[in-house]
Amino acid sequence: MNCKDCLKDISDYLEGALSDSLRRELEAHLKTCRHCKVVFDTTRKTVELYCDGKLFPLPEDVRSRLHAALRRRWEEKQA
Ligand SMILES: [Zn+2]
């Protein structure tokens with residue numbers, strides 16, 4: 001898994017929507033990639049705040065905003 005795929009899958013992961021194999025790939029990537037780990041931790045906090053710690057699908061607008069924010073953050077880290 002590369003950073004782009006990881007980033008794309010983070011919100012699905014946090015919603016519990018990823019398949020087992022993808023989840024394992026993502027976890028493996030997070031262990032080796034600090035950029036994605038930081039983004040992951042930040043996103044998890046955001047989702048936890050939003051969902052009050054409960055996992056459920058995010059509304060589409062929240063989801064797309066989250067994706068945009070993730071991409072921005074990731075690009076800043078790459079710069
Ligand atoms: Zn990465």
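The values are calculated or read from the model by the stated rules, or taken from the named source; none is laboratory data. Treat the numbers as computed from the prediction; the structure is a model and nothing was measured. To get the accessible areas, we keep the full protein, side chains included, count just its heavy atoms, and leave off ligands, DNA and RNA. Shrake-Rupley method; radii C 1.70, N 1.55, O 1.52, S 1.80 Å.
Annotations for the structure displayed:
- Cα-based Lys proximity count in the stretch 3-78, under 20 Å, for pairs eight or more positions apart or on separate chains: 13
- Three-way shape label, the stretch 1-43, alpha-carbon gyration tensor, a/c 1.5: oblate
- Here the Karplus curve 6.51 cos²θ - 1.76 cosθ + 1.60, taken at θ = phi - 60°, turns the phi angles of the stretch 2-19 into couplings of 9, 5, 4, 5, 4, 4, 4, 8, 4, 5, 4, 4, 5, 8, x, 9, 8, 5 Hz, with x standing for Gly and Pro.
- Only DSSP H runs of four or more residues enter the estimate; each adds -39500 (n - 2.57), and after division by the residues of the chain the mean residue ellipticity at 222 nm equals -26000 deg cm²/dmol.
- Values of log10 I(q)/I(0), in the order q = 0.18, 0.19, 0.22, 0.26 Å⁻¹, for the chain under a Debye, Cα-only, solvent-free model: -0.69, -0.77, -1.04, -1.39
- For the chain, the fraction of 1.4 Å probe accessible surface lying on carbon and sulfur atoms is 52 percent.
- Per residue, the average separation of C-alpha pairs within less than 8 Å and at least 6 apart gives the chain a relative contact order of 39 percent.
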